[in-house]
Amino acid sequence: MIDLRAKPVLEIRRQALRDRVAARVASGHRPPKLCVILVGDHPASQIYVSRKEKMAGLVGFDRETIRFPGSATPEQVRLRVSALNADPSVDGILIQRPLPPAFDEKEVCLWVDPEKDVDCLHPENVGLLLTGNPRFLPCTPGGILLLLDHYGLTVSGKTACVIGRSLIVGKPLAALLLSRNASVIQIHRQTPDPASLCKLADFVFVAAGSQGLLKRDWIRPGAVVVDVGIHRLPDGRITGDVDAMSVGDSPSALTPVPGGVGPMTIQVLLENTFTSSIGKR
Ligand code: NAD
């Protein structure tokens, strides 16, 4: 079974990005700048945000994390985002999810200037993705495709099953797979008999946020399995949506958790921010 680790992919892509940033700076431009907005003190978000900041620093970016207390109003945060939209030294803006309940997710997606929306959540960017002309790659789905490319796994002409239909993973992932000529089955909570449908697939992408959901009887022997889920166990270990004990050696390739999809997501975020900086002073 192929262990679809992010590490070798990242070694290559991080170095390439570092080189491009250095070349940009050497030619008299400022480094790309990523701003992350964090509202509240969600423990996992704190970790993700500090990881993004660290990785941005490793490739030579300017970066800033703007923290708001959980009691901040949507209007306070929106005004700060507007200021970042207008700031010519900022290339990428990411609003860390989940947000407190007072925030309307659909509304928040409209706040970031589409040209700085490196998380690819603004309807304009989602539309560009669906019409086959993406401005930015959605971070997690884009990272998954980079991982598959590195390991020479091609979805074209194959059946792919996506479990989950969130705006951040399931929907854009299905769109990207379709654009690469996969036949896509999408499964969600209302899908009857999901295991039988999933078993039809050559590639299975599980992004349900349900620990250990994917069991051996859901997958066709030899399928490629990509685990997007992240769950922290009481003892601090991280696990995914795949029940690793149950699936055993049935897949032909499997992403580890941690060390698979997660780090690829941050890499795409940084590459999007670099793309956004091109052509700016
Ligand atoms: P979400 O809760 O927004 O969406 C989950 C989706 O899965 C929903 O569409 C729901 O219908 C479907 N679903 C849930 N349980 C199901 C079940 N039993 N059967 C069929 N469908 C089911 O979650 P999300 O934001 O898409 O995240 C999914 C998981 O991926 C989470 O564990 C999250 O932490 C993780 N995640 C990882 C990364 C990364 O970089 N690795 C990025 C984003 C999210």
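The values are calculated or read from the model by the stated rules, or taken from the named source; none is laboratory data. The structure presented is a predicted model; accordingly, all values stated were derived computationally and were not measured. Note that each Cβ is placed from the backbone with ideal geometry, even for glycine, and that neighbours are counted across all protein chains shown.
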Some residue of the range 3-26 being loosely packed, with under 13 Cβ neighbours inside 10 Å, among the acidic types (Asp, Glu), under 30 Å from Leu153 (Cα atoms) and in contact (Cβ under 8 Å) with a residue 24 or more places away in the chain: yes
Top-ranked residue of the range 131-146 - restricted to ones that are of a type outside the set (S, T, N, Q) and assigned to a helix (DSSP H, G or I), ranked as surrounded by the most Cβ atoms within 10 Å (Cβ to Cβ): Pro141
Hits in the range 216-243 (condition: more than 15 Å from the ligand (Cβ to nearest atom) and over 18 Å from Pro141 (Cβ atoms)): Arg216, Arg220, Pro221, Gly222, Ala223, Pro234, Asp235, Gly236
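Per-residue answers, yes or no, for (1) in a helix (DSSP H, G or I); (2) buried (at least 16 other Cβ atoms within 10 Å of the Cβ); (3) more than 19 Å from the chain's Cα centre (by Cα):
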position: Val49; (1), (2), (3): yes, yes, no
position: Ser71; (1), (2), (3): no, no, yes
position: Gln76; (1), (2), (3): yes, no, yes
position: Arg80; (1), (2), (3): yes, yes, yes
position: Ala83; (1), (2), (3): yes, no, yes
position: Ala102; (1), (2), (3): no, no, yes
Inter-residue pairs, beta-carbon under 9 Å, first polar (S, T, N, Q) and in the range 129-157, second in a loop (DSSP other than H, G, I, E, B) and at pLDDT 95 or above, 6+ apart: Thr140/Ile168; Thr140/Val169; Thr140/Ala207; Thr140/Val228; Thr154/Arg180; Ser156/Arg180; Ser156/Asn181; Ser156/Ala182
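Yes/no matrix, rows are residues, columns are (1) of a type in the set (Val, Ile, Thr); (2) at pLDDT 95 or above; (3) in contact with a Phe, Trp or Tyr (Cβ under 8 Å, 6 or more places away or on another chain):
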| site | (1), (2), (3) |
| --- | --- |
| Lys116 | no, yes, no |
| Pro123 | no, yes, no |
| Val126 | yes, yes, no |
| Pro134 | no, yes, no |
| Cys139 | no, yes, no |
| Leu145 | no, yes, no |
| His150 | no, yes, no |
| Cys161 | no, yes, yes |
| Pro172 | no, yes, no |
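Out of the residues in the range 153-171 that are charged (D, E, K, R) and assigned to a loop (DSSP other than H, G, I, E, B), which is farthest from the ligand (Cβ to nearest atom)?
Going through the range 153-171, the residues charged (D, E, K, R) turn out to be 158, 165, 171.
Checking which are assigned to a loop (DSSP other than H, G, I, E, B) leaves us with 158, 165.
Values: Lys158: 21, Arg165: 4 Å.
Filtering first and then ranking leaves Lys158.
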Residue in the range 256-265 that is under 24 Å from Tyr151 (Cα atoms), polar (S, T, N, Q), within 13 Å of the ligand (Cβ to nearest atom) and touching a strand residue (DSSP E or B) at 6+ places or on another chain (Cβ under 7 Å) present: no
Any hit, the range 172-183, residues being within 14 Å of the ligand (Cβ to nearest atom), surrounded by fewer than 16 Cβ atoms within 10 Å (Cβ to Cβ) and touching a residue at least 12 places away in the same chain (Cβ under 8 Å): no
